[in-house]
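Here is the structure we will look at, set down as structure tokens.
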Amino acid sequence: MISGAGDLIKSGAGTLTLTGNNTYTGLTEVREGTLILDGAGAAFSNTLALFGNTTFGLANGAAATLARLDVHGGATYAGTLNIAGGTMNFYVPATMRDGDTLLTVTGDADITGSQVNVGVEGATKILQPGDTLTLLDATGSLASDHDGQTAKKGAGMAGLLDYDFNLTTDANRLYATVAHVSATAASTALSEGFLGGLSLLNQTADAVAGEAMSQAIESGRRGRGTFATLTGGSLRHDTGSRSRTNLDSVALLAGIANAFDLAPGRFTLGAFIEVGTGDYDTHNRFARVKGSGDLKHHGLGVLGRLDTASGAYAEGSLRTGRVDNDFGGHLTPGSQTKYDAKSTYYSAHVGGGKLWNLDDTGSLDLYGKLFWTRQEGDRVRPDTGDPIRYTVKFKDIDSTRARIGGRYTRTLGTNLKGHAGLAYEHEFDGKAKATMNDHEIPNAPKLKGGTGIAELGLTLTPTRPVSIDLSLQGHAGKREGATGSLRVRYEF
């Protein structure tokens with residue numbers, strides 16, 4: 001006789017026979033071979049799990065009333081099955097095909113009032129809408145009230161795909177037909193992580209059009225010069241309904257600039273390299289899933305600006321490079337999902353404005369800028385920690401932002417200037433679409449929306465040819481938080 005709160009696990013190809021009044025309360029698992037309950041007084045726990053090519057049998061008057069039955073494919077129940085009012089969990093393995101049978105009952109079966117859940121294990125492209133499985137095939141009669149019901153993935157069933165099944169019955173069989181396949185809400189965290197790469201690239205784009213451009217212009221005023229800009233910040237991005245991404249990042253830009261006198265005005269041309277790194281956390285309340293990741297990017301770029309004698313100017317930049325994204329998150333119970341995505345990116349901006357000298361010490365700059373960044377998609381096979389294999393295809397993401405603003409600059413001393421500015425920015429796109437095993441991942445996160453930006457800064461020129469600029473920006477709206485920059489310029 002077996003008693004206590006533990007589980008009984010039957011392994012090995014042979015037959016194990018249970019007799020007597022067994023009172024243990026854990027799960028009974030038949031992983032290999034055959035388990036027999038023998039004798040009218042024999043008993044075992046009311047929770048049974050059968051794996052592929054296994055058999056559970058009742059002999060010599062033994063009877064069993066089950067509260068839960070888990071079937072992991074291709075199993076046999078020899079005897080009368082009574083699970084009326086209980087729960088039946090059918091796990092479809094990779095070997096199952098349209099028309100196959102999961103559980104064969106060599107007797108009568110009473111499943112009236114039971115809850116039927118169906119989940120899919122293994123390579124999830126094996127079943128498509130319209131495919132039908134025989135969940136239960138009884139050689140005797142079948143008592144059931146499931147005809148016309150719908151079965152879904154039950155609690156605790158692994159996987160990032162949801163299969164909806166329509167249940168039908170005849171005199172002996174319970175069938176499940178695939179009605180619909182969809183990615184789970186939890187899978188949205190994969191797209192949220194991928195979108196973090198675009199957020200990092202946009203922050204570097206701001207540095208190119210802002211701090212790096214200013215440094216290049218200052219260098220060009222005296223001919224050729226070098227410049228370097230270090231930016232960093234912590235921003236919270238609202239990525240959609242009840243979801244957000246928090247990004248901490250640092251980027252370094254270093255380059256050389258030169259200026260030329262042309263008929264329209266002074267033209268500044270610069271070339272630079274850029275590297276950036278960051279780490280992020282994703283949160284969504286609709287699926288209560290969190291993710292995190294590390295980002296790196298590196299690339300090359302050019303920038304240019306034409307300043308006219310009237311104070312009007314036009315500017316632009318081009319960039320390209322690669323971004324790496326290492327993501328990890330607990331999307332399914334008890335396991336971590338990870339992927340490593342790599343993408344090529346392209347970025348550009350154009351802008352224009354006018355600079356007014358208000359007096360001998362102050363000037364006002366009113367401007368408008370348009371930013372575009374594309375992060376190409378990637379195809380990854382996430383490590384989910386479960387037997388299901390997934391292929392996730394991230395689509396290209398385009399970000400288009402328009403910004404208008406103004407900056408007031410004032411001379412505060414012989415070697416010191418200060419500036420303050422306000423701007424409004426609107427993101428028109430920035431949506432991260434993806435599919436999992438060719439099924440669309442729901443709740444695609446996006447950056448679309450408006451953000452207000454305020455800035456303060458100081459420029460210190462202790463001794464020529466070196467100057468140092470410090471700047472701080474605050475963001476509110478679609479992006480919230482602060483960024484800062486340190487700029488160093490050396491003039492030849």
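Just to check your reading of the model, which residue among Tyr313, Tyr367, Tyr339 is within 18 Å of Ala207 (Cα to Cα), at pLDDT 95 or above and surrounded by 14 or more Cβ atoms within 10 Å (Cβ to Cβ)?
Among Tyr313, Tyr367, Tyr339, only Tyr367 is within 18 Å of Ala207 (Cα to Cα), at pLDDT 95 or above and surrounded by 14 or more Cβ atoms within 10 Å (Cβ to Cβ).
Say we look at region 48-80 and pick out the residues that are within 23 Å of Met96 (Cβ to Cβ) and hydroxyl-bearing (Ser, Thr, Tyr); which of these is surrounded by the fewest Cβ atoms within 10 Å (Cβ to Cβ)?
Thr55
With respect to Ala420, determine if the residue is within 22 Å of Gln375 (Cβ to Cβ) and either loosely packed, with under 14 Cβ neighbours inside 10 Å or among the small types (Gly, Ala, Ser) (or both). Reasoning before the result, please.
Working: within 22 Å of Gln375 (Cβ to Cβ): no; either loosely packed, with under 14 Cβ neighbours inside 10 Å or among the small types (Gly, Ala, Ser) (or both): yes.
Criteria not met by Ala420.
Name the pairs: first residue in region 259-272 and within 12 Å of Thr308 (Cβ to Cβ) and assigned by TED's automatic domain parsing to the domain that holds Thr308, second residue among the basic types (Lys, Arg) and surrounded by 11 or more Cβ atoms within 10 Å (Cβ to Cβ), Cβ to Cβ under 9 Å, at least 6 apart or on different chains?
That search, which allows pairs on different chains as well, returns Arg266/Arg221; Arg266/Arg305; Phe267/Arg305.
What about Thr332, is it modelled with pLDDT under 95, assigned by TED's automatic domain parsing to the domain that holds Pro442 and under 18 Å from the mean Cα position of the chain (by Cα)?
yes
Kindly establish whether Ile217 is in the same structural domain as Gly474 (by TED's automatic domain parsing), of a type in the set (A, V, I, L, M) and modelled with pLDDT under 90.
Yes.
Restricted to region 342-363, and to residues that are among the charged types (D, E, K, R) and modelled with pLDDT of 90 or more, which residue is nearest to Ile397 (Cα to Cα)?
The selected residue is Lys342.
Can you go through Leu35, Leu27, Leu66 and tell me which one is of a type outside the set (D, E, K, R), in the same structural domain as Thr87 (by TED's automatic domain parsing), modelled with pLDDT of 90 or more and more than 16 Å from Leu81 (Cα to Cα)?
On the way: Leu35 fails: more than 16 Å from Leu81 (Cα to Cα); Leu66 fails: more than 16 Å from Leu81 (Cα to Cα).
Matching residue, one of Leu35, Leu27, Leu66: Leu27.
Can you tell which of Ala151, Ala138 is modelled with pLDDT of 95 or more, assigned by TED's automatic domain parsing to the domain that holds Leu174 and surrounded by 16 or more Cβ atoms within 10 Å (Cβ to Cβ)?
Only one candidate qualifies: Ala138.
Answer with yes or no whether Thr282 is on the phi < 0 side of the Ramachandran plot, touching a residue at least 12 places away in the same chain (Cβ under 8 Å) and over 18 Å from the mean Cα position of the chain (by Cα).
no
Out of the residues in region 84-113 that are small (Gly, Ala, Ser) and more than 36 Å from the chain's Cα centre (by Cα), state the one that is farthest from Leu167 (Cα to Cα).
Here the residue is Gly107.
Filter region 173-226 down to residues that are among the hydrophobic types (A, V, I, L, M, F, W, C), part of a strand (DSSP E or B) and touching a Phe, Trp or Tyr at 6+ places or on another chain (Cβ under 8 Å) and give me whichever is surrounded by the most Cβ atoms within 10 Å (Cβ to Cβ).
Only one residue fits best here, namely Ala176.
The values are calculated or read from the model by the stated rules, or taken from the named source; none is laboratory data. Given the structure is predicted, the values throughout are model-derived calculations rather than measurements. Cβ coordinates were reconstructed from backbone atoms using ideal geometry, including for glycine residues, and neighbour counts include every protein chain displayed.
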